[in-house]
Amino acid sequence: MPNFVSWCRSALARGLRPLRLSAAAVIIGVMPDYRWAPPIHPDPPEDQPLGIDAPPAPDRVSGFPAVWVEVEFTRSGRQRSPGLVEQADGDVVYVQFVHMGFPLHVWLPIDRLRKRSLRPQGRR
């Protein structure tokens, strides 16, 4: 900052009024032009669920029952997540759940599900 200080002293010697700049304005200087860019969305996780093949003619499930889903993943192994049943066919079900912020759908054997109860939605 010796250049700025010496410039101020010479300005005062010439009779110019002193500049009133805040310390932040001196440190930051001139702000560069901002160029807009679209947001960057993360890629889907490398950890993908492992399921089974879909049956030929599954039935839609009414009401989307809430379940706990035990899903085997490619990298992290077996994990338990809350999910919803969308379709069923005998001993296999099509479930929807969220893993690391990504909604996933997979066919699983029915023995990998446990019922879960939801609290009734009342007035708050």
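The values are calculated or read from the model by the stated rules, or taken from the named source; none is laboratory data. Worth saying up front: this structure is predicted, and the values here are computed from it rather than measured. For neighbour counting, all protein chains shown are included, and Cβ atoms are generated from backbone atoms with ideal geometry for every residue, glycine included. Protein only, heavy atoms only, side chains kept; ligands, DNA and RNA dropped before computing areas. Shrake-Rupley method; radii C 1.70, N 1.55, O 1.52, S 1.80 Å.
Mind listing whichever residues of the stretch 42-52 are closer than 17 Å to residue 113 by Cα, assigned to a loop (DSSP other than H, G, I, E, B) and not aliphatic (A, V, I, L, M)?
First, pick out the residues of the stretch 42-52 that are closer than 17 Å to residue 113 by Cα: 49-52.
Those still in the list that are assigned to a loop (DSSP other than H, G, I, E, B) too: 51-52.
If the condition is that a residue be closer than 17 Å to residue 113 by Cα, assigned to a loop (DSSP other than H, G, I, E, B) and not aliphatic (A, V, I, L, M), then 51 is the only one that fits.
Listed here are the residues, each with its yes/no results for (1) among the hydroxyl-bearing types (Ser, Thr, Tyr); (2) within 14 Å of residue 110 (Cα to Cα); (3) at pLDDT below 95; (4) open to solvent by 60 Å² or more (accessible area, probe 1.4 Å).
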{"site": "49", "(1), (2), (3), (4)": "no, no, yes, no"}
{"site": "54", "(1), (2), (3), (4)": "no, yes, yes, yes"}
{"site": "57", "(1), (2), (3), (4)": "no, no, yes, yes"}
{"site": "60", "(1), (2), (3), (4)": "no, no, yes, yes"}
{"site": "64", "(1), (2), (3), (4)": "no, no, yes, yes"}
{"site": "77", "(1), (2), (3), (4)": "no, no, yes, no"}
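Evaluation of residue 40 against the conditions (1) touching a Leu at 6+ places or on another chain (Cβ under 9 Å); (2) β-branched (Val, Ile, Thr); (3) exposed (fewer than 14 other Cβ atoms within 10 Å of the Cβ) shows that the sole unmet condition is (1). Within the stretch 79-124, the set of residues being polar (S, T, N, Q), open to solvent by 90 Å² or more (accessible area, probe 1.4 Å) and in contact (Cβ under 8 Å) with a residue 24 or more places away in the chain comprises 117 only.
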